[in-house]
1. Cβ-Cβ under 7 Å, sequence separation 6+ or interchain: first residue in the range 100-116 and in contact (Cβ under 8 Å) with a residue 40 or more places away in the chain and under 12 Å from Leu15 (Cα atoms), partner assigned to a helix (DSSP H, G or I) and polar (S, T, N, Q). Which pairs?
2. Provide a single number: the residues in the range 108-120 that are modelled with pLDDT of 80 or more and surrounded by 20 or more Cβ atoms within 10 Å (Cβ to Cβ).
3. Can you tell me how many residues within the range 79-99 are modelled with pLDDT of 85 or more and part of a helix (DSSP H, G or I)?
4. Working only within the range 523-538, note down all residues that are surrounded by fewer than 23 Cβ atoms within 10 Å (Cβ to Cβ) and either aliphatic (A, V, I, L, M) or over 24 Å from the mean Cα position of the chain (by Cα) (or both).
5. What pairs come up if the first residue lies in the range 813-836 and is not assigned by TED's automatic domain parsing to the domain that holds Arg688, the second is basic (Lys, Arg) and at pLDDT below 90, and their beta carbons are under 9 Å apart, counting only those six or more places apart or on different chains?
6. Given the criterion in contact with a His (Cβ under 8 Å, 6 or more places away or on another chain) and either under 30 Å from Ala788 (Cα atoms) or in the same structural domain as Met541 (by TED's automatic domain parsing) (or both), identify the matching residue among Pro663, Pro629.
7. For the range 949-971, state whether one or more residues are farther than 28 Å from Val911 by Cβ and at pLDDT 85 or above.
8. Mind checking which residues of the range 369-392 are part of a loop (DSSP other than H, G, I, E, B) and without any contact (Cβ under 8 Å) to a residue 12 or more places away in the chain?
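The values are calculated or read from the model by the stated rules, or taken from the named source; none is laboratory data. In this text the structure is predicted, and so the values were computed from the model without any measurement. No Cβ is skipped: glycine too gets one built from the backbone with ideal geometry, and neighbour counts run over all protein chains shown.
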Amino acid sequence: MALTNYERVGKALELLKSGLSPFVENEMKAVHGESWKDVARQGLEVKKLHWDVQAILSVMWNNWNSVFNKTLGHTERSIVSELRDVRNRWAHQEPFSTDDAYRAIDSIHRLLTAVAAPDEAISAEHQKQELLRIRYEEQARKEVKKVAATAIETGASAGFKPWREIATPHEDVARGKYQQAEFAADLSQVYRGEGSPEYKDPAEFYRRTFLTEGLHNLLADALARLSGNGGNPVINLQTNFGGGKTHSMLALYHLFSGVKSNELLEVDKIMKSVEVTTLPKVKRAVLVGTALSPAQTRKKDDGTVVHTLWGELAWQLLGKDGYKLVADADKHGISPGSDILRDIFNKVAPCLILIDEWVAYIRLLYGKSDIPGGTFDASLTFAQSLTEAVRAVPKAMLVASLPSSNIEIGGEGGREALDRLRNTFGRMETSWRPATAEESFEIVRRRLFEPIKDFKARDAVIRAYSEMYRTQSQEFPSNCREGEYERRMQSAYPIHPELFDRLYNDWSSLETFQRTRGVLRLMAAVIHVLWERNDASLLIMPANIPIDAPNVRSELLRYLEDPWAPVIESDVDGPHSLPLQMDRDNPNLGRYSACRRVSRTIYIGSAPTLTSANRGLEDRLIKLGCAQPGETVATFGDALRKLAERATHLYVDGKRYWYSTQPTVTRLAQDRASQQSHDKVFEEIKQRLREEQSYRGEFAKVHTCPDSDSDIPDDKEARLVILKPELTYFSNGKDSPALIEAKKILEQRGSSPRRYRNSLVFIAADKALFEDLGQSVRDYLAWRSIEAEREALNLDVFQSNQTKTKRQQANETVEHRIQETYRWLLIPSQSDPHKAIEWKQIKLQSQDHLAVKASKKLVNDGLLLNNFSGLGLRLELDKIPLWRGDHVSLRQLSEDFAQYLYLSRFRDEGVLIKAIENGVSQTSWTQDGFAYADKWDESAKRYRGLTHGRLISVVMDADSVLVKPDVALKQIEETQPDAGHIPGAGRPVTTPTSGELPDEPPKEPTLPKRFYGVVSLDGIRVGRDAGRIAEEVIQHLSSIPGATVDITMEINAKVPSGIAGDKVRTILENCRTLKFKTQGFEEE
């Protein structure tokens, strides 16, 4: 009876108890000695220790810090916590789904492995695999067909017909009823009248055969030779494995089969080219080395027993009579002379001799002398006699195939046979040109598809592709823009030329991949799957290869020696592959199936070139293999970058990408990243935050990650407190750790209340974004450790460079995410002295150093003042009021602004000093300003050094005071009775400190004749700020009769990371256009 999931979990818990018990006992004894049971009971709060799963896990949890964290890590601690919950659910007889049970058993297996309990871990692994099998069976009906076998999503432009509506596969291809062996042309089968119709039927063969230039010339040469009109007597068909040699021999065999020329497609053109009106009646002989065994004799229907190739040749041409001419030579295994062969050919001419797989036959004779087929040397002597005899007979022709690839040659005997045959044929054979890549397009297309009828729809699709390649030329290889590439697309339709290039250039470099036959086998499988899946793509591209389909995957893997299957399953294409998961998780990528299409394209272009010097594909070729008209090409670039970050087996070198069977250092980095402790992550963040102290912006000081409120001095200047990373904030989070800590710091400094509360502003990390920041720090720490250990890890040059690049990228990501995560400004304020403290939360958006972007925001919003007017200060003095009687001490005023949250927040005391100087110097000081005195003389009841209406230099000490205007006027009137009109006129008056009347009446004030001003503008809002300055300052100055206003703009920009060359050129060119007097860039 099958087990339930509940029962499976119970069995796994028993394994956990068995494997975990000795470990826990040993660890507890190591720390607590023989009293370990007492310690365990205390934690469990029981009198007697029942050593079950619950107790074991509880003891581990309760004693983690003191005992178990010495040998186990944070991951195992999380597993213990999880398994305690699993055990409780099991004890309460709660149901377990298949996924729940699998996770529970997997966690048990992980913990057993971590504590070195191999027997129990193996048993748990077996349970896990069994459950995995059951789970896969459950999902097979629901998910695999729905997800993995679903056609790739595309965003191709509407209005164009997909390939399946224009090009129809042959019925056997569409229905998947073709036999892979049918693509392997077999001359001996056809000679015997066997095989599929497309090969044995002359008319059907020519209907599906595209006459390449090389094949056309071969047939024309044969027609001329066998018609007595010249032509070459001996032709050697030598190409790489699968280069079309046998197919060419079949074309010759069927050409002279006795079928009328009008039944053979395009043969009339060949006859016309050599001026032949009728096909000659030709005697044919077929010798296929793999079909004839030199170790066996062959008995013919007429009773003739044949031993050798020359006996077979004579019998095929003249039957029993022909064999009699070579009978002695055949029986003794000795080659007949060329004279005997010439006599035979003269009797049967015109005659055509086709010899295929010759080396395969002769190599079997190597080193042997007692088999019926003769000797190795005799066979090679026969080859020489044969070529000489054929050459001597005008209407005789020999066509033989010699291999070029090692896979067809064999061992030492094959190499020796090939070398000697080459020498024999080299003296008199004629070279033969195999099909070009473009001709191969038509060979494959004609074999796999019915003739295209809707050329208008085809051409519309091709024009759309060409237009995309031209208008987005920066995304694709340069040759795609040319008219020649458009012609190639027409020739290859419905297959994209890029797919043909990959197959013919890359896959054909594999010895086991037959150049034409291999392409046919693979594409037949591909087309069948796409046809079944109703693929709606405009062309069949590398991205469309359904690698997830078993028959396609099998066809691809059969040519590769390395273990690619798990790589495909995890990183390329499959129901549980990373690209599929990424497409699911990201709708922008998923709408095009961008990750799957990119991964397929890379695999098709990189798997066969793994060991070559120039591995993989450039990013432009990858986009060429993916993008269709109407799709956003940049999406595939985005998918490529994301895949490179996460895929275990995807390598990157500059702009080249390739898959390998060896995991990248990325996998090692992922493992190390997962092992980074929270303490290390927090410490790295804190270290980086400390570096932020150098960039203060408008703050007087920046305090980073204080451990307590005592670490922040109680000073008047405005300061930014960067809270520790673990103290995060969330929107409207009244109980967030960040806000709680900020309130504590604001209220206290150590054991004393904080005095200068209006000088503090806080910035905290966003809780939702902190997880991403933590992960990026883990990644950085992992890459940094790998780079430091590159020699110990035995990294090669490429991996070392990749590690360095990844570490730099991870570092940049951390810097970016710190700026992004620390986005919450927490600002204490009061709208009224009698109301409670309120906390304003401002979300920062810009990317900059924390203090810089925080101060910019505060200054723009008026929450931090780096400049204050005298009028503004007068309003603050009257509003609260801040006057202490008739005046207020400057020291007291400075204290007030630093203490009280309902007042404006000044950057530092200098802002207050400038505001005082501005208010005192106003000509309208009685309405908009105030007076200043060096001191209030209590005994004399008057102000010493009373100043108003002119520029002064303020001294911030305990004596200096600001005086109410009416009080200052009263003292002035008492001292200068005739000065009653001064306030209205705004005349500056200085009251002598002696209190005596001046000897001379005051002079009329001298009007200022020059104005100067310097202001800093926000780099982001220059237009706005400059407009306000022009309206509120420059316009007033320009309106004064006779005024000359000179305006100069000074720009200083510091870019720590450096300014790119294109930016430098653009800026300098714009400066010259705008007629800058001076401009330039400096290295420091």
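1. Close Cβ pairs satisfying both conditions: Ile105/Gln127.
2. Residues that pass the stated criteria total 5.
3. Residues flagged as modelled with pLDDT of 85 or more and part of a helix (DSSP H, G or I) within the range 79-99 amount to 13.
4. Answer for the range 523-538, where residues must be surrounded by fewer than 23 Cβ atoms within 10 Å (Cβ to Cβ) and either aliphatic (A, V, I, L, M) or over 24 Å from the mean Cα position of the chain (by Cα) (or both): Val529, Trp531, Glu532, Arg533, Asn534, Asp535, Ala536.
5. That search, which allows pairs on different chains as well, returns nothing.
6. Pro663
7. Yes; the residues of the range 949-971 include at least one that is farther than 28 Å from Val911 by Cβ and at pLDDT 85 or above.
8. Ser369, Asp370
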